[in-house]
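Read through the structure below, which is laid out as structure tokens, and then see the notes.
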Amino acid sequence: MPKDRTCLVCGDEYESWERNMKNEYHPNGEGKCSRCAEEYIIVEIPTRKEHEGFYKGKYKIKNKCPICGNKRGFNRWKGYSFDGSRKMIVDCWSNECDHVDFYKDIRKEGVLL
């Protein structure tokens with residue numbers, strides 16, 4: 001298929017219809033090429049240390065470990081954050097390199113959506 005779109009992030013041209021894992025074409029409606037679409041992940045974590053079981057937000061962070069550059073968010077699941085008084089369901093993940101991401105670092109690095 002001809003390349004008919006321009007990526008909003010990097011400016012490269014890409015196909016607006018991309019193949020999925022079953023080798024079927026599907027629309028890419030994000031306005032980003034596959035490379036740029038995978039540069040970030042969105043995680044839901046507490047917005048403060050004492051979240052009271054309520055204060056959480058979605059943060060957009062790079063999918064690369066800030067320490068070594070390996071893939072971040074390799075395995076993802078839902079888990080609990082406990083602030084000493086209340087629990088809250090949040091996103092959990094592991095990195096390929098086994099470096100640990102702390103909430104305080106994610107809040108500094110990420111963009112709150």
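Points worth noting:
- Within the range 81-113, the residues that satisfy the criterion of being closer than 13 Å to Val43 by Cβ and in a helix (DSSP H, G or I) are Tyr103, Asp105, Ile106, Arg107, Glu109.
- Against the list (1) assigned to a loop (DSSP other than H, G, I, E, B); (2) modelled with pLDDT under 70; (3) acidic (Asp, Glu), the condition Glu18 fails is (1).
- Near pairs, Cβ below 9 angstrom, 6+ apart or cross-chain, from the range 31-47 (on the phi > 0 side of the Ramachandran plot) to any residue that is assigned to a strand (DSSP E or B) and modelled with pLDDT under 80: Gly31/Arg5; Gly31/Thr6
- Leading residue by the ranking (modelled with the lowest pLDDT) among those in the range 74-84 that are surrounded by 14 or more Cβ atoms within 10 Å (Cβ to Cβ) and more than 12 Å from His99 (Cβ to Cβ): Asp83
- Count of the range 51-71 residues, restricted to those that are charged (D, E, K, R) and assigned to a loop (DSSP other than H, G, I, E, B), is 1.
The values are calculated or read from the model by the stated rules, or taken from the named source; none is laboratory data. Here the structure is a predicted model, which is why all the values come from computation and not from measurement. Cβ atoms come from the backbone with ideal geometry, glycine included; neighbour counts cover every protein chain shown.
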